[in-house]
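Read the structure below first, then the notes.
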């Protein structure tokens, strides 16, 4: 099991899949709450399942801090293409928080490339619609990215 690095930031993230809501918390309560979109295939940790994992995680790495809103990413690198709303593709936009599983059953999360990221399908936020990742509206993704750091803990619960 991986041990998260020590952080001076007491914030943590809690994602309630049933409510399709991600909360940023600190010891005295919730700071912000965001509607999200988790996997349309349900919950799970199997490789290739396109399901959102549950359990304890940490932010392994952050990507895109200087990218413009709606920037498309491929392989965690900006492509230079600014997306437009809609479409059938599950694009990774604006910012990326790459997750690392801390429980034995979700320890493959980083290798599955499960992220919190912006989306071109903002109209689906609030409903399960992704291919395993956690989607946020692009403006909220940028806001969240600036408020958390690598090592920030995350709990994903059903």
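The values are calculated or read from the model by the stated rules, or taken from the named source; none is laboratory data. Predicted, not measured: the structure shown is a model, and the values here were computed from it. Every residue, glycine among them, receives a Cβ derived from its backbone with ideal geometry; neighbour counts consider all protein chains shown.
Odds and ends about this structure:
- Pick from the stretch 131-158, criterion in a strand (DSSP E or B) and under 11 Å from the mean Cα position of the chain (by Cα), ranking: nearest to residue 88 (Cα to Cα): 135
- Of the strands (runs of 3 or more DSSP E) lying entirely inside the stretch 29-130, those containing at least 2 residues that are without any contact (Cβ under 8 Å) to a residue 24 or more places away in the chain are 29-35, 71-74, 77-82.
- Every residue from the stretch 1-11 that is modelled with pLDDT of 80 or more and touching a helix residue (DSSP H, G or I) at 6+ places or on another chain (Cβ under 8 Å): 11
- Of the residues making up the stretch 83-112, those that are under 18 Å from residue 123 (Cα atoms) and more than 15 Å from the chain's Cα centre (by Cα) are 83, 84, 85, 86, 87, 88, 89.
- Taken over the stretch 12-46, the criterion of being modelled with pLDDT under 95 and either farther than 18 Å from residue 145 by Cα or touching a helix residue (DSSP H, G or I) at 6+ places or on another chain (Cβ under 7 Å) (or both) is satisfied by 27, 28, 29.
- Screening the candidates 38, 79 for the property of being in contact with a strand residue (DSSP E or B) (Cβ under 8 Å, 6 or more places away or on another chain) and surrounded by 19 or more Cβ atoms within 10 Å (Cβ to Cβ) yields one hit, 38.
- Check on residue 149, in contact (Cβ under 8 Å) with a residue 40 or more places away in the chain, more than 19 Å from residue 35 (Cα to Cα) and either in contact with a helix residue (DSSP H, G or I) (Cβ under 7 Å, 6 or more places away or on another chain) or surrounded by fewer than 16 Cβ atoms within 10 Å (Cβ to Cβ) (or both): yes
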